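The values are calculated or read from the model by the stated rules, or taken from the named source; none is laboratory data. Predicted model only: the values in this text are computed from it and were never measured. Here the Cβ positions follow ideal geometry from the backbone for every residue, glycine too, while neighbour counts run over all protein chains shown. In case anyone asks, the SASA skips ligands and DNA or RNA and just uses the protein heavy atoms, side chains included. Shrake-Rupley method; radii C 1.70, N 1.55, O 1.52, S 1.80 Å.
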Amino acid sequence: SDVYKRQEYGGLTNRQMGRVVSLLLMAGFALMVLGDSGSPLSSYYNFEAQDNLVTATRAGMLFAESHNYKHVNLQFDGGVASNSSQLAGSTAIYQYYSASLKDSYLTRTNPGGDYTMVRLEGYVYLKSAGPEAVELRQYFSKDRNDHFLCAQGSPEEQSAVAAGYQMARVEAYGVGVPMFEPFVWNSTVPTNRGTPCPFAQSGHFQTVSFEGRYANYGGADTWYPTWAADGNLYTPWTDGAVNGVAAGSGCAAEGCMSTTGFATVIGDNPLALNLTGVGKFASSPSPYHGRYPCGSLYYNKTWFYGTYTLDNENHQPGQNAAGYCENWCIQGPFAGFRWTTDYGESWTEPRVHMGNWSDNIFGEQAPDNHTSKVKFGAPHVVDFGQELEHSPDGKMYIVGHGASKPYSPTSWMQASEVYMARVDPTVEAVSDRSQWEFYSGTGQGDDQWAQGDVTQARPLLNWGNTTGVTTMTFLPAVQKFVMCISTPSFSPFTERQFDTYFLESSSLYGPFSMISYMAEFGPESYFVNIPSKFVAPKADADGSLSMYLSYSANFAFHSDSNPPGSGYHWTLTKIKLSP
C-alpha cells in the first residue's frame, strides 16, 4: 500500500466513515503558516514518483500542488520552530531533491550525490526544547529510494512503518505547533432542562480555553488512561481498531461475546505518544446486549479494568435500535473489575458470563427502563495522580451516573444523579461487594459511608435529566477536584449533539461549582476526562492551569469538528482553566 494510506482506516464501521470525510476536509489547515511561533509540517505524496514531500513553507506547498502531489496528512503533530528566523538553539533544515531518484529529502545536512538544495524550509532544534518538543524522525524506503520525515507518534510515522520504511535517525526536534487559533469556549448554562442549574459559578475558575494543540490516536473510542509507577499510561478502548486489533462491545446473537480492547501508552509528550501492548478480551454481556469499558486503575503492579452493561428496550444492540433515546437507552449495571498483573498478557475476570440481571459486583439490575434504575452506570476511577498518589486515604474511589426515580431517563449518556463509592485497591477487596463503601450523604467522616449495601448510596450531586458520563481528577497545583460531565444536548437523544460541563470543588464531596458549560462540544463529544499525567505541575502567574482533555466524538452526528481534532478516535487537546 502507498504510504499515504492510514493504518487506522482498516476496519472502519459505518458510523466512523463519515468522520474520515470531515478529516480530509480539515487538510486545508496546512495552508496556515504561523510565523515565528512555529510552522506545521505538511505531507504530500506523488503516486507516479512514489515520493513523499514534507514541507513547512508556502513555497513548498505550492510546488507540491502544481506537480501532481496529493496532500495527505490529516493533522500536524510537529513542525519547525520557525521558517523565517533562527531562534536560539536552532539550526537550519533544507529541502533537497534528487532528479535521478525522484526523492524529496527534508534534512539538516547536504546528502551529496545529485541532490540539489531547493529551499530553506525553516529552523529546528538539535535537542529537545521543552515538554511539547517533538522528535522529527527520518525514515527511508530502499524499495522506493524515498526519504520521509515524520513527527514522532504521528499517523504519518505509523503509515511509514506499515509500508516498510525503516527509521534512519532522529533528524532534529520540532515543536508542537498550534493547529488552530486558540479560543475561549463561551459558557451557556441551559435553562430548559426541567430543573434549574443547581451549581453557582466557580470563584476559582471562570473559563475554559482551547490552546490550539491536539493529537489523535487509534480508530476507536472509550479511552480512560490510568498512570502507573513505570511512567506509562494504561487504557481501555473499544468499538474500533487500534494497531490492527479490532474490538466491539455490542453483541446480539445467542451466545455471542463482547470484546474490549486495552493498550499501553508510552511517552511524556501528549502530542507524540506511542501505543503498544494492544490486545482485547472477550466477555459475555448477556442478559444485556452491550458490555463496555469503564473505570481503570493501575496500582501496585495490578491493572484493574472495569466493564459495565447496556441494552435497548427491544434487546438489540447499539445504534439505530428501537428505543426512546436512539442508542443504548437502558443503562445497565457495573459488572465489576477484571485485573492483570502482567501488562495484559493474561487477565482474571470473575464474571466472563453473568448468571442473571443482577449478577454483578453491586447487585444492581436494569432489565427494562421502568422497574429499576442503576446508581453506578459506567463508573470511573477518580484520578488521584500516579498510582493514587493524592488519594486522601489510599483507597480507590469511583463516580458513576444514575437515577433513583423510575421515570428518570437513564442511558449510556444521561441520568439525573452522580454517585460515589470507595474500596481498598486490592484484588480481594475490589472483587468483594461487602468491602465496598457507598457515599450515603449522612454524618461526617466514616459515618457518611454505608458498607456493602448499594441501596444505601445517596447522590453526591443531582441535576434532573442533566448528568451523564462522569469523571473526576484531582489537580494538586490548585488543590481542586474537577468533574467532567457529558449529557445529551437534546434530551434524551443520544445520536445527536452532546454537552460537556466542568465542576470544581475543594472537597471530594462538594459543594461543586460551575466552571463552564460547553454546549454541543465536539459537537458530539463523550467519555471526557482529564488524565492527571498531562496536568501542569503549577499554575501560571495569573492562576491559570494548563492540561490536556481526553475524549472521543462524533460517532453518529457527522458534522464539522468543534474544536478541530474532535472525531472518532482518542483526542488529546490542550486546554487551560483560567480565573
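Odds and ends about this structure:
- Toward the positive end of the charge dipole of the chain, with +1 on the Cβ of Lys and Arg and -1 on the Cβ of Asp and Glu, the farthest Cα among Gly244, Ala228, Leu101 is that of Leu101.
- Calculated log₁₀ intensity ratio I(q)/I(0) where the Debye formula runs over C-alpha points of the stretch 285-412, q = 0.15, 0.19, 0.21 Å⁻¹: -0.71, -1.01, -1.15
- Within-12-Å neighbourhood charge of Met257 [Cβ basis; K, R +1; D, E -1]: 0
- Using only side-chain charges placed at the Cβ, +1 for Lys and Arg and -1 for Asp and Glu, the dipole size of the chain relative to its Cα centre rounds to 440 debye.
- Amide H within-cut-off set for Tyr94, under 5 Å, with H built and near neighbours excluded: Thr107, Arg108, Glu121
- Measuring nothing but protein heavy atoms, the accessible surface of the chain at 1.4 Å probe radius is 50 percent carbon and sulfur.
- Direction-averaged projected area, Cα convex hull, the chain: 25.3 nm², rounded to one decimal.
- Dimensions of the stretch 192-307 based on its C-alpha atoms, expressed as ranges along the principal axes with the largest first, amount to 52, 42, 31 Å.
- Farthest toward positive dipole pole in the stretch 351-456 [+1 Lys/Arg, -1 Asp/Glu at C-beta], among Tyr407, Tyr419, Ile361: Tyr407
- The stretch 471-579 - Rg (one decimal) and Dmax (whole number), Cα, Å: 14.1, 42
- The mean accessible area for residues of the stretch 462-520, using a 1.4 Å probe and ignoring ligands and nucleic acids, is 23 Å² per residue.
- For the stretch 428-524: relative contact order, % (alpha-carbon pairs under 8 angstrom, 6 or more apart): 17
- In a reduced charge model with +1 at each Lys and Arg Cβ and -1 at each Asp and Glu Cβ, the stretch 466-567 shows a dipole moment near 320 debye about its Cα centre.
- Net charge of the neighbourhood of Gly212, taken over other residues with C-beta under 10 Å away and scored Lys/Arg +1, Asp/Glu -1, is 0.
- Debye-sum result for the stretch 217-372 in log10 I(q)/I(0), which assumes one identical scatterer on each alpha carbon, at q = 0.14 Å⁻¹: -0.68
- Local charge for Ser372 was computed over the other residues whose Cβ lies under 13 Å away, with Lys and Arg +1 and Asp and Glu -1, and equals 0.
- Packing-based order for 86-92, 426-432, 514-520, using average beta carbon neighbours within 10 Å, highest first: 514-520, 426-432, 86-92
- Hz values of 3J(HN,Hα) by residue in the stretch 511-520 - Karplus curve (6.51, -1.76, 1.60), Gly and Pro given as x: x, 9, 10, 7, 8, 7, 10, 9, 6, 6
- Mean separation of Cα pairs under 8 Å and 6 or more residues apart, divided by the residue count, gives the chain a relative contact order of 12 percent.
- Rule-of-thumb Rg ratio for the stretch 396-504 [Cα; 2.2 N^0.38 Å; N residues]: 1.15
- Violating pairs (Cα-Cα greater than 20 angstrom) within the set Lys375/Lys405; Lys127/Lys538; Lys395/Lys538; Lys102/Lys142; Lys280/Lys373; Lys280/Lys395: Lys127/Lys538; Lys395/Lys538; Lys280/Lys373; Lys280/Lys395
- Only Lys, Arg, Asp and Glu carry charge here, each on its Cβ (+1 for the first two, -1 for the last two); on that basis the stretch 122-274 has a dipole of about 160 debye about its Cα centre.
- The C-alpha radius of gyration of the stretch 180-254, expressed as a fraction of 2.2 N^0.38 Å, stands at 1.69.
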